[in-house]
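The values are calculated or read from the model by the stated rules, or taken from the named source; none is laboratory data. Small disclaimer: the values here were computed from a predicted structure and weren't measured. Cβ placement follows ideal geometry from the backbone for every residue including glycine, while neighbour counts extend to all protein chains displayed. Calculation scope for accessible area: heavy atoms of the full protein, side chains included, ligands and nucleic acids excluded. Shrake-Rupley method; radii C 1.70, N 1.55, O 1.52, S 1.80 Å.
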Amino acid sequence: MLILSRKINEKIKIGEDITLSIIEIKADQVKIGIDAPKEVKVFRQEVFNAIQNENLAAATSTESIESLSDLFAKKEF
Amino acid sequence: MSEQSEIFEKKLLIEKGLLGFETITNYSLIQADLEPFMWLKAEGEKNLAFLVVDPFILFSDYEIDVDDNSLSEIDIKNPSDVVVLTILTVSKTGEEPTANLQGPVIVNKNNNKAIQVVLSDPRWMTKHSITNQLETRGA
């Protein structure tokens, strides 16, 4: 892992196509500009964690497959 | 619904798995006993299934912008190859069912390859109520 310091308005280049700019530093928050090609996926880490957690919550035992109507009926639709 | 019925009872290959289920790649998509819902059932995993639905049926304002890399991983050549599935969470604790609009499963209906993508549009979250949508449809 590369660790380095940057000041406001300084940039980091990653490979040919990706540039990170430090736009603002305020208290414990850093605003970063990300310039990357469209095909590069850029996400906050929490988004991945949220979707992973939601998949785990959505995973269902196949026992309930036969009883979807019952399942929804219980929810008072 | 015509597009949806074309992929009913199909085997799906999710090469990268779903987030949190990366090692499980083979699924079958089967019609649930209640329309318009379907089950995404893991092959060879007796106790793993996900309730899924075509999100455009329930959420008329839903739209997604999927990155080109993800589309090329399942060999999408043009938009008519695409079927979108949203995973629903039905908790056992009596909370209302929710739709994960932020992490849809994109299916290439021509080769039955699929991939779960992560959307960066802040409008779509992991939990959207489907109760209101079903009432609107009169279901």
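Computed about its Cα centre, the charge dipole of chain B is approximately 360 debye, with only Lys, Arg, Asp and Glu carrying charge at their Cβ. The amide H of residue B:101, built 1.01 Å from its N in the peptide plane, has B:125, B:127, B:128 as neighbours under 5 Å, considering only residues 5 or more places off or on other chains. Normalised per residue, the accessible area of chain B is 47 Å², obtained with a 1.4 Å probe and no contribution from ligands, DNA or RNA.
Exceeding 18 Å between C-alpha atoms, which entries from my cross-link table qualify? They are A:31/B:127; A:7/A:31; B:46/B:127; A:38/B:127; A:41/B:16; B:11/B:41. In this structure, A:31/B:127; B:46/B:127; A:38/B:127 lie more than 18 Å apart at Cα. Between the listed residues B:125, B:28, B:69, the Cα displaced farthest toward the positive end of the dipole of chain B, a dipole computed from Cβ unit charges relative to the Cα centre, is found at B:28. The mean number of partner chain beta-carbon atoms within 10 angstrom of a residue's beta-carbon across peptide A:37-49 is 3. For the peptides A:7-14, B:117-124, the ranking by packing is B:117-124, A:7-14, with the highest mean count of neighbouring Cβ atoms within 10 Å listed first. Using a Gaussian network model of chain B in which every pair of alpha carbons under 10 angstrom is joined by a spring, one finds that among B:113, B:46, B:16 the greatest mean-square fluctuation is at B:46.
Along the stretch B:117-124 the Karplus relation, 6.51 cos²θ - 1.76 cosθ + 1.60 evaluated at θ = phi - 60°, assigns HN-Hα couplings of 10, 10, 8, 9, 5, x, 5, 9 Hz to successive residues, with x for each Gly and Pro.
Surface burial for A against B, with a 1.4 Å probe and both sides summed, reaches about 3100 Å² of accessible area. Taking label points 7 Å from Cα along the Cα-to-Cβ direction, residue A:14 and residue B:131 give a separation of 4.1 nm. Looking at the stretch B:57-131, the GluC sites (Glu not before Pro) that sit in a DSSP loop and have at most 16 other Cβ atoms within 10 Å of their own Cβ are B:63, B:95.
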